[in-house]
Amino acid sequence: MRILITGSNGLLGQKLVKLLAGKNDVELIATSTGKNRTPFTKGYTYHSLDITSQNEINEVFTKFKPEVVINTAAMTNVDACETQQEQCWKLNVDAVSYLIKAAEKHNTHLIHLSTDFVFDGENGPYKETDLPNPLSYYGKSKFEAEKLLQQANIKWSIARTIIVYGVVDDMSRSNIVLWAKEALAKGNPLTIVNDQFRSPTLAEDLAMGCWLIAQKKATGIFHISGKENMSIIDLVYKVADFYGYDKSIITPIASSSLNQAAKRPAKTGFILDKSMNELGYNPCSFEEGLAIVDEQLKGK
């Protein structure tokens with residue numbers, strides 16, 4: 001199976017490269033903007049790709065003729081999307097329309113990453129058939145891309161996920177778990193929202209979910225996240241407990257008191273029955289995820 005990954009320098013992209021590069025039945029092409037930031041180079045081909053360029057997408061599809069594309073590239077900073085809407089639309093919507101056009105021409109199965117932020121957070125946790133109602137420009141852009149796929153004349157899958165955490169090889173990106181660990185280790189006082197609920201997702205689990213979709217040629221929408229729903233402050237408490245850090249430096253705060261550009265849904269989280277039954281998806285617990293992250297950090 002010839003699989004092409006977009007955004008291979010990102011957290012999920014790197015985990016997908018790691019997962020798929022060693023497989024005998026996979027010919028892997030990793031693409032991202034700029035140079036390859038994954039430290040090992042065996043078992044796959046790297047090609048620089050700007051997905052906001054329709055010409056570059058067409059050239060890459062013509063050269064590699066991928067049977068499956070896993071689109072992990074996106075603008076995901078929720079507040080930046082609110083203030084830089086043109087850039088957000090280019091990456092999250094226009095680029096997807098270019099991928100769809102190329103996929104139509106080459107009969108490619110397009111697996112696209114989406115988000116819990118397509119929901120308004122009024123009735124979480126959500127199943128795949130629940131109706132989106134995004135609150136932020138980021139959520140709107142991701143929902144718009146979902147609609148493009150659903151109307152497209154191709155094999156498509158949407159993998160929605162929530163708060164992805166893990167360790168990237170060059171440590172160039174942070175995420176909530178790494179950020180909380182670092183701040184707690186320094187003893188910095190933390191104010192954390194106590195009225196937003198999410199299901200944090202280990203990057204390795206998400207990569208496995210994408211691979212299961214590709215392997216089974218499964219189409220449609222799939223919810224791929226961690227299985228435990230918790231408030232953001234509970235997530236940070238759990239990180240503190242895992243490492244034995246002082247929890248008294250953590251102060252709860254209401255979302256309304258933060259001056260954030262984008263509105264966030266109060267309670268998301270996913271019902272994973274479909275992914276578990278149809279794909280055999282089985283994510284680890286948050287504790288197990290923290291242990292995996294800890295092992296990887298020790299190797300740095």
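The values are calculated or read from the model by the stated rules, or taken from the named source; none is laboratory data. This one's a predicted model, so the numbers in the text were calculated from it and none came from an experiment. Ideal geometry is used to build each Cβ from the backbone, glycine not excepted, and the neighbour counts take in all protein chains shown.
Miscellaneous remarks
- Test result for Leu4, crowded, with 23+ Cβ neighbours inside 10 Å and under 21 Å from Leu148 (Cα atoms): yes
- For the range 33-63, a residue qualifies if it is over 23 Å from Ile158 (Cβ atoms) and among the hydrophobic types (A, V, I, L, M, F, W, C), and exactly one does: Phe40.
- When residues of the range 101-118 are limited to those that are assigned to a helix (DSSP H, G or I) and in contact with a Leu (Cβ under 8 Å, 6 or more places away or on another chain), the one nearest to Ile221 (Cα to Cα): Phe117
- Pairs with Cβ under 7 Å, 6+ apart, first in the range 142-165 and farther than 17 Å from Val68 by Cβ, second polar (S, T, N, Q) and surrounded by fewer than 22 Cβ atoms within 10 Å (Cβ to Cβ): Leu148/Ser97; Val164/Asn175; Tyr165/Asn175
- Taken across the range 180-199, residues that are surrounded by 14 or more Cβ atoms within 10 Å (Cβ to Cβ), over 19 Å from Glu228 (Cα atoms) and under 15 Å from the mean Cα position of the chain (by Cα) do not occur at all.
- Residue check for Pro66: closer than 20 Å to Lys216 by Cα, part of a loop (DSSP other than H, G, I, E, B) and touching a residue at least 60 places away in the same chain (Cβ under 8 Å): yes
- Where Gly121 falls short, out of the listed (1) at negative phi; (2) assigned to a loop (DSSP other than H, G, I, E, B): (1)
- Every residue from the range 30-50 that is among the hydrophobic types (A, V, I, L, M, F, W, C) and either in a loop (DSSP other than H, G, I, E, B) or surrounded by fewer than 22 Cβ atoms within 10 Å (Cβ to Cβ) (or both): Phe40, Leu49
- Residue within the range 153-173 that is in a loop (DSSP other than H, G, I, E, B), within 15 Å of Gly10 (Cα to Cα) and in contact with a strand residue (DSSP E or B) (Cβ under 7 Å, 6 or more places away or on another chain) present: yes
- Residue in the range 253-262 that is touching a strand residue (DSSP E or B) at 6+ places or on another chain (Cβ under 8 Å), modelled with pLDDT under 95 and either in a loop (DSSP other than H, G, I, E, B) or of a type in the set (A, V, I, L, M, F, W, C) (or both) present: yes
- Filtered by the rule that a residue be more than 18 Å from Ala159 (Cβ to Cβ) and within 17 Å of the chain's Cα centre (by Cα), the range 117-132 gives no residues.
- Some residue of the range 204-212 being in a loop (DSSP other than H, G, I, E, B), surrounded by 24 or more Cβ atoms within 10 Å (Cβ to Cβ), touching a residue at least 24 places away in the same chain (Cβ under 8 Å) and in contact with a helix residue (DSSP H, G or I) (Cβ under 9 Å, 6 or more places away or on another chain): no
- Residues of the range 263-278 satisfying the condition of being surrounded by 21 or more Cβ atoms within 10 Å (Cβ to Cβ) and either at positive phi or not in a loop (DSSP other than H, G, I, E, B) (or both): Gly269, Phe270, Ser275
- Check on Thr41, among the hydroxyl-bearing types (Ser, Thr, Tyr), modelled with pLDDT under 95 and more than 22 Å from Asn175 (Cα to Cα): yes
- Considering the range 7-29, and only residues there that are in a loop (DSSP other than H, G, I, E, B) and of a type in the set (A, V, I, L, M), the residue that is surrounded by the fewest Cβ atoms within 10 Å (Cβ to Cβ) turns out to be Ala21.
- Verdict on Glu295 being in a helix (DSSP H, G or I) and touching a residue at least 24 places away in the same chain (Cβ under 8 Å): no
- Scanning the range 244-262 for residues that are more than 30 Å from Lys140 (Cβ to Cβ) and β-branched (Val, Ile, Thr) yields Ile249, Ile250, Thr251.
- Candidates in the range 138-147 are the residues that are touching a strand residue (DSSP E or B) at 6+ places or on another chain (Cβ under 9 Å) and of a type outside the set (Phe, Trp, Tyr); of these, the one that is nearest to Asp120 (Cα to Cα) is Gly139.
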